[in-house]
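Reviewing the structure listed below.
Here, each number is a calculation from the coordinates, and none is a lab measurement. It should be emphasised that the depicted structure is a prediction, and the values quoted were computed from it without experimental measurement. Positions of Cβ are generated from backbone atoms using ideal geometry, with glycine treated the same way; all protein chains shown enter the neighbour counts.
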Amino acid sequence: MIAVSALERAGVDVPRKGTHIFRYSLATQLLGAGASLTEIGQVLRHQNHDTTRLYAKVDINALRKLGLPWPVGVQ
């Protein structure tokens, strides 16, 4: 309840309020900074990579920069 109250006072509007938002945010920030899923899992103290993948959301905008343009004439 402390985390929920603090988020509300700060005006943070997220669909799921609670302490997990901090874990999700940390994992996403670490991923964006180039940390591997193994490193993120160690920080979050996960024993399973599948758990870490739930927290570390992929930055779609960063992926768009890596994508190649669609070949002309290919359907």
Within the stretch 1-27, the residues that are β-branched (Val, Ile, Thr), touching a residue at least 12 places away in the same chain (Cβ under 8 Å) and assigned to a helix (DSSP H, G or I) are Val4, Ile21
What number of residues within the stretch 50-69 satisfy the criterion of being free of Cβ contacts under 8 Å to residues at least 24 places away in the same chain and within 17 Å of His20 (Cα to Cα)? 4
Of Leu63, Leu30, which residue is assigned to a helix (DSSP H, G or I) and surrounded by 11 or more Cβ atoms within 10 Å (Cβ to Cβ)? Leu30
